[in-house]
Amino acid sequence: MKLSRGLVLLSFGLTLGTTGGSSQAVDPALAHARRLLDQTILIDGHNDLPWAIRASKDAPRDVIAYDLRSRTRGMTDLPRLAQGRVGAQFWSIYVPGEIRDSGYARVQLEQFDIARRMIARYPDRLVLALGADDIVRAHREHKIASLLGMEGGHAIENSLGALRSYYALGARYLTLTHNVTLDWADAALDTARHQGLTSFGREVVREMNRLGMLVDLSHVSPSVMSNVLDVAEAPVIFSHSSARALVDYPRNVPDSILARVPRNGGVVMVTFVPSFVSRAVDSAERTSDSAVAALTRDVADTAERRRISREYRQAHPAPHATLADVASHIEHVRRVAGIDHVGIGSDFDGIEAGPDGLEDVSTFPALFAELIRRGWSDGDLKKLAGENLLRALRQAEATAARLQRERPASTATIGGLDGK
């Protein structure tokens, strides 16, 4: 027998009308938000739970020990996902670009293994999703559609064959870079060596379009964003970025790019990272970084450097970002790119703390309540929640079907295209 969404919530000891506070229970905007999210599919573009499991201090890599049926130390577990009305989640299959011990493939494959074992462990609540139809089917079955998104093109090690293999394992988006500039693409937080995409980088985008893998432009430089929009035949996404016009952080999206997204059909999934959404937090973090750099300039011991950094930051706490800050970024993207091109990409479990009011995955309804207070219609809220992403994914799938009829898998190599 299939449980209704309300009964699923009750099975975790939660009621539809409350989150434990009487003031929240009578808030009409919050009640409205919950009803709306019970009727539509809330899709979050980025959650780092697989890396949190890998890095767990109690039992690293142990999917069983990191029990999602109980409240975890992090920001994500099954009771709070139900409370937050999450209908589909892109789990980030993240590998740091700085890893050098054995290449990237081993760690990347281990992250696929952790994520897929995690999904398989809770078949009554999670189900692997490989496309738009799977998301809709999972929602009908009152399960969370679990998609995999690779974070960082360094993991393909300049190989289109590796890219295709990762797609076969379930990756449905690839963030072209993480924080390290690649042989074929510049990262937002690293040196711009190519002034955008190289010839091989363009071929990566074309092959991703042929596969049906979404091109994710979070983390890349504005020049790469522009180059991708020049060449992409399918909608792109920004899985977890915010608006640079509001906070001049290098990872945010400039208005010049936001204005080009509608023609492409893409979706900018606004993130909750405090320094991305609050000018005060960004400024305080830059000041702390400069101060710590000065204090540790002549300190060689890594442990001592960390101690100095920790003590300085404890003595100089940063201000807090707020839920209202996030709502303002969402409204800016809607204003510049249009309502059909905005979504949500929280970055939960990839950040130390969320903005006030958006502390974990249970809090999504509070964000929608804020937008309701700002006058958003139900139709626009449903587009933000997941309809925009579903539409982009369906377009990418249709483009892939066409391209697979028109051309075979690319055999290009970086040496052949970029002369390296």
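Some notes on this structure:
Residues checked against (1) modelled with pLDDT of 95 or more; (2) in a strand (DSSP E or B); (3) buried (at least 22 other Cβ atoms within 10 Å of the Cβ):
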site: Ala65; (1), (2), (3): yes, no, no
site: Leu68; (1), (2), (3): yes, no, no
site: Thr76; (1), (2), (3): yes, no, yes
site: Leu81; (1), (2), (3): yes, no, yes
site: Pro96; (1), (2), (3): no, no, no
site: Ile99; (1), (2), (3): no, no, no
site: Gly103; (1), (2), (3): no, no, no
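- The stretch 32-63, subset free of Cβ contacts under 8 Å to residues at least 60 places away in the same chain and of a type in the set (Gly, Ala, Ser), residue surrounded by the most Cβ atoms within 10 Å (Cβ to Cβ): Ser56
- Answer from Ala392, Ala369, Ala400 - the residue that is of a type in the set (Gly, Ala, Ser), farther than 24 Å from Ser92 by Cα and either in contact (Cβ under 8 Å) with a residue 12 or more places away in the chain or not assigned by TED's automatic domain parsing to the domain that holds Ala31 (or both): Ala369
- Pair list, Cβ < 8 Å and 6+ apart or interchain, from the stretch 349-365 residues that are under 15 Å from Ser278 (Cα atoms) to residues that are in a helix (DSSP H, G or I) and among the hydroxyl-bearing types (Ser, Thr, Tyr): Gly354/Thr363; Gly357/Thr363
- Residues satisfying the stated conditions in the stretch 174-195, i.e. surrounded by fewer than 22 Cβ atoms within 10 Å (Cβ to Cβ) and out of contact with any strand residue (DSSP E or B) (no Cβ under 8 Å at 6 or more places or on another chain): Asp183, Leu189, Asp190, Thr191, Ala192, Arg193, Gln195
- Residue within the stretch 299-309 that is on the phi < 0 side of the Ramachandran plot, touching a helix residue (DSSP H, G or I) at 6+ places or on another chain (Cβ under 9 Å) and in contact (Cβ under 8 Å) with a residue 24 or more places away in the chain present: no
- Just one residue in the set Gln39, Gln89 is in the same structural domain as Gly343 (by TED's automatic domain parsing), under 21 Å from Val136 (Cα atoms) and either more than 18 Å from the chain's Cα centre (by Cα) or acidic (Asp, Glu) (or both); that residue is Gln39.
- Residue list for the stretch 122-132, filter: in contact with a helix residue (DSSP H, G or I) (Cβ under 9 Å, 6 or more places away or on another chain) and either over 17 Å from Asp77 (Cα atoms) or in a helix (DSSP H, G or I) (or both): Ala129, Gly131, Ala132
- Picking from residues in the stretch 153-172 that are within 17 Å of the chain's Cα centre (by Cα) and closer than 17 Å to Glu397 by Cα, the one that is surrounded by the fewest Cβ atoms within 10 Å (Cβ to Cβ) is Gly170.
- Residue in the stretch 345-357 that is in a helix (DSSP H, G or I) and either surrounded by 14 or more Cβ atoms within 10 Å (Cβ to Cβ) or in contact with a strand residue (DSSP E or B) (Cβ under 7 Å, 6 or more places away or on another chain) (or both) present: no
- Residues of the stretch 183-217 classified as more than 12 Å from Ala232 (Cβ to Cβ) and charged (D, E, K, R), total: 5
- Check on Glu304, among the acidic types (Asp, Glu) and either closer than 16 Å to Gly45 by Cα or more than 21 Å from the chain's Cα centre (by Cα) (or both): yes
This table checks each residue for (1) more than 17 Å from Ala353 (Cα to Cα); (2) of a type in the set (A, V, I, L, M).
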{"site": "Asn227", "(1), (2)": "yes, no"}
{"site": "Ser239", "(1), (2)": "yes, no"}
{"site": "Ala243", "(1), (2)": "yes, yes"}
{"site": "Tyr249", "(1), (2)": "yes, no"}
{"site": "Ala259", "(1), (2)": "yes, yes"}
{"site": "Ser275", "(1), (2)": "no, no"}
{"site": "Val281", "(1), (2)": "no, yes"}
{"site": "Asp289", "(1), (2)": "yes, no"}
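- For the stretch 170-199, a tally of residues being part of a loop (DSSP other than H, G, I, E, B) and farther than 15 Å from Ser226 by Cβ returns 12.
- Scanning the stretch 206-227 turns up no residue that is without any contact (Cβ under 8 Å) to a residue 24 or more places away in the chain and either small (Gly, Ala, Ser) or touching a Phe, Trp or Tyr at 6+ places or on another chain (Cβ under 6 Å) (or both).
- Those residues of the stretch 250-267 which are assigned to a loop (DSSP other than H, G, I, E, B) and either within 11 Å of His219 (Cα to Cα) or not assigned by TED's automatic domain parsing to the domain that holds His329 (or both), in sequence order: Pro250, Arg251, Asn252
The values are calculated or read from the model by the stated rules, or taken from the named source; none is laboratory data. Nothing here was measured: the structure is a model prediction, and the numbers come from that model. Backbone-built Cβ (ideal geometry, glycine too); neighbour counts: all protein chains shown.
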